[in-house]
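Input: a single structure, listed below in structure tokens.
No lab work stands behind these numbers, since they all come straight from the coordinates. Only a predicted model underlies this, so the values are computations on that prediction, with no experimental measurement involved. Cβ atoms come from the backbone with ideal geometry, glycine included; neighbour counts cover every protein chain shown.
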Amino acid sequence: MNGLTMTAAHPSLRAQEPPLSDEDVVERVRAGDLLLYEVLMRRHNQRLYRAVRAILRDESEIEDVLQEAYLAAYQNLEEFEGRARFSTWLVRIAVNKALDRRRRRSKVVALDPGKEEALVGNEAEPTWAIAKEDPERQSARRELAHLLEHAIDALPEAFRGVYVLREVDGMSTQETAESLGLEPNTVKTRLHRARTLLRKRLVHDFDAAALQAFPFGAERCDRLVATVLDRLAGRAR
């Protein structure tokens with residue numbers, strides 16, 4: 001695969017406080033500091049990966065599309081006017097590249113399934129509060145994350161993209177709308193429907209997983225049995 005490969009942080013930013021904003025970095029890249037483009041990629045790799053994966057879901061293609069997006073963004077930096085956040089502009093490029101890739105492989109999926117109605121009322125912001133946990137709880141959380149990932153993957157694409165950007169990546173409604181080329185009310189509607197579908201899917205998955213909850217493993221079973229037998233033997237004496 002072709003693309004930019006960088007492995008270390010830009011030397012001029014390693015000890016910089018506070019860090020440059022995206023817009024400041026863009027200006028320096030425009031002025032000729034090519035290596036500083038690494039900073040923008042490292043800042044936004046996670047967000048772009050999630051956005052592209054929500055459309056393609058094919059790990060063999062995602063990295064290629066990310067490289068295409070970054071190259072296209074660099075080639076068009078002069079067109080970035082700062083009207084939206086740089087991250088929003090960048091995600092929009094990545095989304096378009098992912099859609100182009102999907103169209104080229106002739107697997108087009110409709111982006112607007114059915115009539116959409118605007119939601120009324122306040123919209124809850126994403127809340128993922130995670131406390132320090134012991135290894136067993138961390139393992140359980142990882143399993144829960146896998147269940148959620150599978151449930152998200154099963155969403156219709158229109159809902160999946162909105163959910164990933166809003167809830168997983170924490171983008172605002174306006175940023176999500178701009179990134180996906182939607183109206184804010186459409187984002188709210190799709191997010192609501194995605195949450196509904198996820199709840200139904202996760203309830204089913206949790207019911208299936210409930211049979212395996214609170215396992216009493218062989219090692220613990222052996223230890224308990226041995227302890228009880230030892231105590232009983234002591235009483236018999």
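What shape does region 11-104 have by the C-alpha gyration tensor, where a ≥ b ≥ c are the square roots of the eigenvalues, rounded means a/c under 1.5, and otherwise prolate means a/b greater than b/c and oblate the rest? Judged from the Cα gyration tensor, region 11-104 comes out prolate (a/c at least 1.5, a/b above b/c).
Rounded to the nearest whole Hz, the Karplus-based 3J(HN,Hα) values (6.51 cos²θ - 1.76 cosθ + 1.60, θ = phi - 60°) of region 83-93 follow the sequence 5, 10, 5, 4, 4, 5, 4, 5, 4, 4, 4, with x at glycine and proline.
Scanning residues 5 or more positions from Leu155 or on other chains, none has an amide H under 5 Å from its amide H, with H placed 1.01 Å from N in the peptide plane.
Between Lys200 and Glu143, the simple spin-label model (points 7 angstrom out along Cα→Cβ) gives 2.6 nm. With neighbours defined as other Cβ atoms within 10 Å of a residue's Cβ, the residues His44, His204, His192 order from fewest to most as His204, His192, His44. The 3J(HN,Hα) values that the Karplus relation (6.51, -1.76, 1.60; θ = phi - 60°) gives for region 46-51 are, in residue order, 4, 5, 5, 4, 5, 5 Hz. Gly and Pro appear as x. Multiplying the residue separation of Arg223 and Ser21 by 0.36 nm and subtracting their alpha-carbon distance yields 67.0 nm.
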